[in-house]
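**Q** Starting off with a structure, shown below.
The values are calculated or read from the model by the stated rules, or taken from the named source; none is laboratory data. Small disclaimer: the values here were computed from a predicted structure and weren't measured. Neighbour counts are summed over all protein chains in view; Cβ atoms, including those assigned to glycine, are modelled from backbone coordinates with ideal geometry.
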Amino acid sequence: MGARSPFDGTTVAIGTVHGKEAAFAPAFRRWLGAWVAPTVALDTDALGTFTRDVPRLLTPEEAAAAKARGAAAELGTATGLATEASYSPALGGFGPMVHEELAVFVDLERGMRVRHGIRQHVHIAPRRTVRSESEAQRYLQRVGFPAQAVVAHTDEGMRKGIQDATALLALVRRGPVELEPDLRAHMNPGRRRTLRRLSWLLAARLTRLCPGCGCPGFGPVGVVRGLPCGACGNATSQVRLDVDGCPRCPERQERRRPVEVADPAACDACNP
Ligand SMILES: [Zn+2]
Ligand SMILES: [Zn+2]
């Protein structure tokens, strides 16, 4: 690290009951010289969960921002951090899902909020009702149990975070059980890897200062579409420019992508 980080020696509160501080601490220590401390009281699940027991009322970005502010308030720090995952079907509902993991970092003293997300395709086993021990075993093997925990829905209710095969098979002996993977960070090894990757990207971004006002967190804020078709020159829906911006002032910078023309297969004019 060259110049001193704007966050050197500070503590960043992370809103989590799912051990996410372990994913963020190394990158924040190395790039920013900052400590990451988890909340103990903040009820992150109250803001919405994957398992549908609490409906999501906020967008993922608003939910993450609320958790980040709540974390800073709980620990009395100037900065707070939280992440929020969303999963949506790709390709008309078949095959892989799109997993977007979004981190929001707030700095109450600087009055700024940085969002940084990553999107990737992931395979998530669909929910399935099992009626026998052998069906249950097959499902568990498929999801990567017990490192990947499961959620069990029965007539009596829902149990999250199951990593004990004996307990699960006891449920199955009492009747049909609907199973799905538990996607919370401490129950899902794939998501923890994604969080670590996101932690390095976010920490690196927070070392980048705005050329206009010096605020940390300059980085990707959007794209400009309209990459010209390689055959006819018509503007396509493909990305022409990436836009970097400041979390606090209107400063923007455009970056060209290495590809200067679009594949004619993506062109509406060439494929009427
Ligand atoms: Zn700025
Ligand atoms: Zn064309």
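**Q** For region 226-246, state whether one or more residues are among the charged types (D, E, K, R), within 32 Å of the chain's Cα centre (by Cα) and more than 16 Å from ligand 2 (Cβ to nearest atom).
**A** yes
**Q** Kindly evaluate PRO220 against the criterion of being over 17 Å from GLU100 (Cα atoms), not hydroxyl-bearing (Ser, Thr, Tyr) and not assigned by TED's automatic domain parsing to the domain that holds THR83.
**A** Here the answer is no, as PRO220 does not meet what is asked.
**Q** Considering ARG205, ARG197, ARG191, which residue is charged (D, E, K, R), under 11 Å from ALA23 (Cβ atoms), at pLDDT 95 or above and more than 16 Å from ligand 2 (Cβ to nearest atom)?
**A** After applying the criteria, what remains is ARG197.
**Q** In region 201-217, is there at least one residue being more than 16 Å from ligand 1 (Cβ to nearest atom) and of a type in the set (Val, Ile, Thr)?
**A** no
**Q** Okay, moving on. Could you grab me the full set of residues in region 224-267 that are more than 16 Å from ligand 1 (Cβ to nearest atom), touching a Lys or Arg at 6+ places or on another chain (Cβ under 8 Å) and either β-branched (Val, Ile, Thr) or part of a loop (DSSP other than H, G, I, E, B) (or both)?
**A** Correct list: VAL224, GLY226, LEU227, THR236, SER237, GLN238, VAL239, ARG257.
**Q** Among VAL106, VAL114, which is of a type in the set (Val, Ile, Thr), out of contact with any Ser or Thr (no Cβ under 9 Å at 6 or more places or on another chain) and modelled with pLDDT of 90 or more?
**A** Residue meeting the stated conditions: VAL114.
**Q** Looking at ALA46, ALA23 in this structure, which one is at pLDDT below 90 and part of a helix (DSSP H, G or I)?
**A** The unique qualifying residue is ALA46.
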